[in-house]
Amino acid sequence: MSVLEPVVELVRGLGQTFRYLFDRPVTYQYPEQKREVRPRFRGRHVLKRYDNGLEKCIGCSLCAAACPADAIFVEASENTDEKRFSPGERYASTYEINMLRCIYCGFCEDACPTEAIVLGDNYELSFTDRRSAIYPKEMLLEPVPTVDMTTPRKVETGVYKRSVPEMKDPTD
Amino acid sequence: MAQIEEVSIEQYKHLVSERALTGETMLLNMGPQHPSTHGVLRLLLELDGEVIVNAIPDIGFLHTGVEKNMEAKTYQKAEVMCDRLDYMNTVGNNLSYCLAVEKLVDLDVPERAQAIRVVLTELQRIASHLVWVGTFGLDLAAMSMFLYAFRERELILDILELCSGQRMMTTYIRPGGLWRDVPVEFEAAVRNFIKIFPKRVDEYENLLTKNPIFLDRLLGIGKLTKETALSHGVTGPSLRASGVNWDLRKARPYSGYEQYDFNVPVRTEGDTYARYLVRIQEFRESLKIVEQALNKLPMGPVRSDNRKFVPPPRSEIGVSMESLIHHFKLWTEGFPAPKASIYSAVESPRGELGVYLEGDGGPKPYRVHWRTPSFDNLSVIPKIVKGHLVADLVGILASIDIVLGDIDR
């Protein structure tokens, strides 16, 4: 090794960092500038509705059974045609997710037989106490498309009998 | 009521030398909260001035009870726990667990799923080594290295998010295949990474490999002999830097690793610098595997069609009563595994990552045990730091590449 070699190597390293002085930064200025999440991103849960405003959730508790962290609590009640929440016999009268327990594995989404619970794009969750980390159904449920589509509502008798819809395999 | 046991100094005398008792040498705690211990590790050092006489690792500060927790969950649900063991190698942990479950219940895995598993675990290996080379540089005061390494790691985490929806806790590999097929953007994203990454490795080498300050800190430091490494069960790059050519991908191929052409980098010096060189070389070798696996990615299903173990596709649930029953059974009860015990191991970025599963005929494992590489690799630290300076301990500890989540489970 010649005497100059260490110096050459030092300069080579410094040159490497110097070149980056003229490069564009790769960082994002969060929270002003946000990185877009991927379509499959598993963020905060959303309870979906059908196009006619009825809730997709039928209160079967399969999400609660599939949850490895025991973060979900579901209580089901009976639907009637006078007061209908969802197609089929039952709906979720209580639906709670403890966002502090949740590990965002997406097993609830996989288990749901009606595609009612979906992990959305929101990753900015914050709470000031443990109680407010438990999200009730009102916070999770998607807003209705138009005002007259709210649940519960009176529907024609004998139309909404089928609780599990036909579905496509997810591709995104 | 728990009994509080009285301890006397007599019990712990043997841990330190005679000189410590007379006050000739000093005892110093490094950690548990120390930036250079790479987690929550406490090292009790016995020092003679700046020279290390003895180092006693004290672990358990990050104990999460993962093994015990897994026994309380069905085989399917327990998988999320293994992501959280070694958080630098989540895909690899999933793979090792799924291979074990598949071996236990004798489940087939489609070709395409196996190839995608290889692509993702190799990318994860690169990501893990990137964090390693970044923090290694940082520990030896090469700050830029850390920034560059995390920039490239971001590309890999983005690919993982593309596939699984999560950057770190992916749970993408499932018993019997994968969660879903990879999205259409996957191939372009990986090809882009393959294109830019070799140039970036050259940049790292420009910065570090021949840097005189870096060499002064590493050459001849923390020499690990072949015999010591083998007697302590050291595996992975740390073993290969000591002259033992042992890589489970070559020695006991799994997931179709035998089809790929790659070299296992081996060095004979056994010092900190050799461990660095081995890992740098592994970047290039892993990239070779990724490229080959991507080039011959077969088409076809990504999940086994065995409905007793793998949930049916969503399109069948709404139309087939049998599928709906299988779906409900699998997500509530899980699948039963025979009364048998198996061990299966994969090569993680740190070494041999093995999982021992014991089934009792029910849907939950009777016993789960992880043979984690960091645990065995850490045990060699007291042997190799003796006689070195405290400043060198930082480099040696970093070069062994431990992840505390992997040690305390």
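The calculated pair-distance distribution of chain B uses every alpha carbon pair, bins of 20 angstrom beginning at 0, and gives 26, 53, 19, 2, 0 percent. With 22 Å as the limit on Cα-Cα distance, the pairs of B:223/B:250; B:223/B:288; B:68/B:383; B:77/B:288; A:137/B:329; B:13/B:386 that go past it are B:223/B:250; B:223/B:288; B:68/B:383; B:77/B:288; A:137/B:329. Bridges between two residues of region A:37-149, per DSSP, are antiparallel at a rate of about 95%.
Nearest 500 deg cm²/dmol is fine: what mean residue ellipticity at 222 nm does chain B get from its DSSP H runs of n ≥ 4 alone, each adding -39,500 (n - 2.57), divided by its residue count?
Mean residue ellipticity at 222 nm (helix-derived): -14500 deg cm²/dmol.
Taken over the alpha carbons of the protein assembly as shown as equal point scatterers, the Debye sum produces base-10 log I(q)/I(0) values at 0.07, 0.08 Å⁻¹ of -0.49, -0.63.
Taking the charge dipole of chain A about its Cα centre, with +1 at Lys and Arg Cβ atoms and -1 at Asp and Glu Cβ atoms, the residue from A:61, A:98, A:22 reaching farthest to the positive side is A:22.
Label 7 Å along Cα→Cβ of residue A:50; region A:116-133 residues with amide nitrogen under 18 Å? Residues A:116-118 qualify, since their backbone N sits under 18 Å from the label point. Simple point charges give the picture: +1 on the Cβ of Lys and Arg, -1 on the Cβ of Asp and Glu, and for the protein assembly as shown a dipole about the Cα centre of about 720 debye.
With bins 10 Å wide beginning at 0, the percent of Cα pairs of region B:237-371 falling in each bin runs 11, 25, 26, 23, 12, 3, 0. How far is the Cα center of region B:335-369 from the Cα center of region B:272-302, in Å? One Cα centre to the other: 26 Å. With a Förster radius of 41 Å, plug the Cβ-Cβ distance of residue A:156 and residue A:130 into 1/(1 + (r/R0)^6) and report the FRET value to the nearest 0.05. Once rounded, the FRET efficiency stands at 0.40.
Nearest 500 deg cm²/dmol is fine: what mean residue ellipticity at 222 nm does chain A get from its DSSP H runs of n ≥ 4 alone, each adding -39,500 (n - 2.57), divided by its residue count?
Computed mean residue ellipticity for chain A: -4500 deg cm²/dmol.
Normalised size of region B:2-58, defined as Cα radius of gyration per 2.2 N^0.38 Å with N residues, equals 1.29. Among B:215, B:207, a tally of other beta-carbon atoms within 10 Å of each Cβ gives an order, fewest to most, of B:215, B:207. Kindly express, to the nearest 10 degrees and within the range 0 to 90, the angle between helix A:5-19's C-alpha long axis and the longest C-alpha principal axis of chain A. The two axes meet at around 40 degrees.
We did not get these values from a lab; they are worked out from the coordinates using the rules stated. Nothing here was measured: the structure is a model prediction, and the numbers come from that model. Note that we place each Cβ from the backbone using ideal geometry, even for glycine, and neighbour counts take in every protein chain shown.
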